[in-house]
1. Can you pull out every residue in region 40-53 that is within 22 Å of I121 (Cα to Cα) and surrounded by fewer than 12 Cβ atoms within 10 Å (Cβ to Cβ)?
2. Does region 18-27 contain at least one residue that is open to solvent by less than 90 Å² (accessible area, probe 1.4 Å), assigned to a strand (DSSP E or B) and touching a residue at least 40 places away in the same chain (Cβ under 8 Å)?
3. Regarding L4, is this residue more than 18 Å from S148 (Cβ to Cβ) and crowded, with 17+ Cβ neighbours inside 10 Å?
Amino acid sequence: MNELSSLLDELKLEEENIQFEHFNNRTAYELGTAMTDEAYRRGLPIIIDISKVEQRLFHHALPGTSKDNEEWVQRKNRVVRHFLHSSFYMGTYYKLHNTDILQKSGLDPAQYATHGGAFPIIVRNSGVVGTVTVSGLPQREDHEFVVSMLRRFLNMEL
């Protein structure tokens, strides 16, 4: 099994394990606040965005971010909403299959970004209800920040 295949399995396992029992506006606020506090503590130049379906419930831009990061958030979110997988999962999937989102799915890469940082909000026994997205770091770090914060928030072992 090659490195990309192993990574894809690991990313799929994250989605199977990182799930909420319920998710509402208050949950989004509490998660977003925890993520923002940690990002400030670490001095991370990121945007944090939490959306349910297509309604933005939480959004904060830390110092060092720009309009470009806003665009990345939207492009990553579209990937999660379309495929119901993390944006990093989809980027890894395409790399593993030597293709990209335009060739394989016919989607415009100017509108859809298969770069790490957007993770599906999955409610157990219901499915994907939204996204938690970060933009501002290298893609793997964006993804790892989101996943580590979700695990912490859900009191999962790190």
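1. Result: V53, single match.
2. yes
3. Against the criterion (more than 18 Å from S148 (Cβ to Cβ) and crowded, with 17+ Cβ neighbours inside 10 Å), L4 does not qualify.
The values are calculated or read from the model by the stated rules, or taken from the named source; none is laboratory data. Because the structure is a prediction, the values reported are computed rather than measured. Please note: Cβ atoms are built from the backbone with ideal geometry, for glycine as well, and neighbour counts cover all protein chains shown. The protein model used for the area step is the full one, side chains on, heavy atoms only, and it has no ligands, DNA or RNA in it. Shrake-Rupley method; radii C 1.70, N 1.55, O 1.52, S 1.80 Å.
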